[in-house]
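Asker: Here's a structure for you.
The values are calculated or read from the model by the stated rules, or taken from the named source; none is laboratory data. Everything numeric here is computed off the predicted structure, so don't read it as measured data. Quick reminder, even Gly has a Cβ in these numbers, built from the backbone with ideal geometry, and neighbours come from all protein chains shown. Accessible surface areas use protein heavy atoms only, side chains included; no ligands, DNA or RNA. Shrake-Rupley method; radii C 1.70, N 1.55, O 1.52, S 1.80 Å.
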Amino acid sequence: MTAKLLPFEQPVEQLRMKIAELKRATEDAEIDMSHEVARLEQKLHEVETAVYTNIRPWDRVQIARHAERPTTLFYIDAICDAFIELHGDRLYGDDAAIVGGIGMIDGQAYTIIGHQRGRNTKENVKRNFGMPHPEGYRKALRLMKQAEKFKRPILCFIDTKGAYPGKAAEERGQSEAIARNLVEMAGLTVPVVSIVIGEGGSGGALALGVANGVYMLEHATYSVISPEGAASILWKDATRAEQAAEAMQITAPHLQKLGVIDGIIDEVLGGAHKDAVQQAHILKEQITSIFATFKELTAEQLVAQRYQKFKKIGQFLEN
């Protein structure tokens, strides 16, 4: 299946179509145009490299939101030798917008938790478009505390526009559930690694983001509010979202420079949706490498390292 094109990808697609036309002409008319095809394929490589390595923040937002971008469950299935999904928060119910369980990666057991959005309308309704209710965060915390009890490292995948803002969610304690996750994650005595795989929005993302290591895929975004929301507040005009995305510094390169994240995980050329299987292979290698850096730390050292990591974020001046 061909991935849906984004506006900035049009020059690449035009060249691909031209190459395809020449190849068809060569077959139909039996004219040797291999030299011209080779020239255009070289040009295609140059254009692809230019387009995908000089991506503007708004372009990255579009890639992070791509409907075919790999989800948490896809990565779990691709990188785990086995996985048992666990359900429910033992207080209210089970939230399909957050999935979690125990997975085996190269013989090591991990507790894996992540936001899960849908790939079509039916799935999105089931998953509430990847926007968790309080019971989703409480389920995540239950699994984290279980992991701590059995000394399993915790891997979190972040991919949500934000926590669900509906009345029922607020009545069931949305803000309290997120705040409790922040507090409890700060004191976990096992290694925690969080990876933003798509759109990391607001407190709904941060509730899985208090980790020893926070990483982002190359074209993911991580912000306190969506560009549309920021534009609505700043200029009373949501159509200026592209301008807001430029100003907010929500992309992986910006956030690594600011010290908000610890590293960037490369994506396949054009974004993870172009070759999800290869992207999962890249991600698996990075996950095992990242957790290896925390392997020798004691429980006290893990808590101290996590505290220092977040303490160092930001800059200030003293007079």
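Asker: Which residue is farthest from I197 (Cα to Cα), if the candidates are limited to region 153-186 and must be in contact with a strand residue (DSSP E or B) (Cβ under 6 Å, 6 or more places away or on another chain), at pLDDT 95 or above and not acidic (D, E)?
Answerer: Filtering region 153-186 down to residues in contact with a strand residue (DSSP E or B) (Cβ under 6 Å, 6 or more places away or on another chain) leaves 153-162.
Checking the rest, the ones that are also at pLDDT 95 or above come to 153-160.
Subsequent filtering for residues that are not acidic (D, E) retains 153-158, 160.
On the way: P153: 19, I154: 16, L155: 12, C156: 10, F157: 6, I158: 6, T160: 9 Å.
Only one residue tops the list, namely P153.
Asker: If you don't mind, there's one more thing I want to ask. Surrounded by 15 or more Cβ atoms within 10 Å (Cβ to Cβ) and of a type in the set (A, V, I, L, M) - does that describe any residue in region 123-138?
Answerer: Scanning region 123-138 turns up at least one residue that is surrounded by 15 or more Cβ atoms within 10 Å (Cβ to Cβ) and of a type in the set (A, V, I, L, M).
Asker: Going by what's in this entry, would R127 be described as of a type in the set (K, R), in contact (Cβ under 8 Å) with a residue 24 or more places away in the chain and farther than 20 Å from I76 by Cβ?
Answerer: Working: of a type in the set (K, R): yes; in contact (Cβ under 8 Å) with a residue 24 or more places away in the chain: yes; farther than 20 Å from I76 by Cβ: no.
Considered against the rule, which asks whether it is of a type in the set (K, R), in contact (Cβ under 8 Å) with a residue 24 or more places away in the chain and farther than 20 Å from I76 by Cβ, R127 comes out as no.
Asker: Still on this structure, I have one more. Note down all Cβ pairs under 9 Å where the first residue falls in region 256-273 and is basic (K, R), the second is surrounded by fewer than 17 Cβ atoms within 10 Å (Cβ to Cβ) and in a loop (DSSP other than H, G, I, E, B), and they're at least six residues apart or on different chains.
Answerer: Once the first residue is basic (K, R) and sits in region 256-273, its partners that are surrounded by fewer than 17 Cβ atoms within 10 Å (Cβ to Cβ) and in a loop (DSSP other than H, G, I, E, B) give K257/Q249.
This table checks each residue for (1) surrounded by 20 or more Cβ atoms within 10 Å (Cβ to Cβ); (2) within 18 Å of A205 (Cβ to Cβ); (3) over 22 Å from the mean Cα position of the chain (by Cα).
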site: Y164; (1), (2), (3): yes, yes, no
site: R172; (1), (2), (3): no, no, yes
site: L182; (1), (2), (3): no, yes, no
site: A186; (1), (2), (3): no, yes, no
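Condition check ((1) under 18 Å from N54 (Cβ atoms); (2) at pLDDT below 95) across all residues:
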| position | (1), (2) |
| --- | --- |
| G213 | no, no |
| A230 | no, yes |
| L234 | no, yes |
| E246 | yes, yes |
| K257 | yes, yes |
| G263 | no, no |
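Asker: Return yes when R152 is open to solvent by 60 Å² or more (accessible area, probe 1.4 Å), more than 15 Å from the chain's Cα centre (by Cα) and closer than 24 Å to I261 by Cβ and no when it is not.
Answerer: Numbers: open to solvent by 60 Å² or more (accessible area, probe 1.4 Å): no; more than 15 Å from the chain's Cα centre (by Cα): yes; closer than 24 Å to I261 by Cβ: yes.
Taking the combined requirement at face value, the residue does not satisfy it.
Asker: Restricting to region 274-290, give me the number of residues that are over 16 Å from I76 (Cα atoms) and either touching a residue at least 60 places away in the same chain (Cβ under 8 Å) or of a type in the set (A, V, I, L, M) (or both).
Answerer: Here the count works out to 2.
Asker: Something else now. Have a look at Q301, Q279 and point out the one that is surrounded by 15 or more Cβ atoms within 10 Å (Cβ to Cβ) and of a type in the set (S, T, N, Q).
Answerer: Values: Q301 fails: surrounded by 15 or more Cβ atoms within 10 Å (Cβ to Cβ).
Being surrounded by 15 or more Cβ atoms within 10 Å (Cβ to Cβ) and of a type in the set (S, T, N, Q) holds for just one of Q301, Q279, which is Q279.
Asker: Hey, another quick one. Which residue is nearest to I158 (Cα to Cα), if the candidates are limited to region 62-90 and must be in contact (Cβ under 8 Å) with a residue 24 or more places away in the chain and small (G, A, S)?
Answerer: Restricting attention to region 62-90, the residues satisfying the condition of being in contact (Cβ under 8 Å) with a residue 24 or more places away in the chain are 62-76, 78-81, 83, 86-90.
Narrowing the set further to residues that are small (G, A, S) leaves 64, 67, 78, 88.
Working: A64: 11, A67: 16, A78: 17, G88: 19 Å.
The qualifying residue nearest to I158 (Cα to Cα) is A64.
Asker: Suppose we keep only residues that are open to solvent by 10 Å² or more (accessible area, probe 1.4 Å) and within 17 Å of P153 (Cα to Cα) within region 91-108. Which one would you say is farthest from the chain's Cα centre (by Cα)?
Answerer: This residue is G107.
Asker: While we're here: Would it be correct to say that T111 is under 24 Å from I225 (Cβ atoms) and buried (at least 23 other Cβ atoms within 10 Å of the Cβ)?
Answerer: Details: under 24 Å from I225 (Cβ atoms): no; buried (at least 23 other Cβ atoms within 10 Å of the Cβ): yes.
No; evaluated as a whole, the condition is false for this residue.
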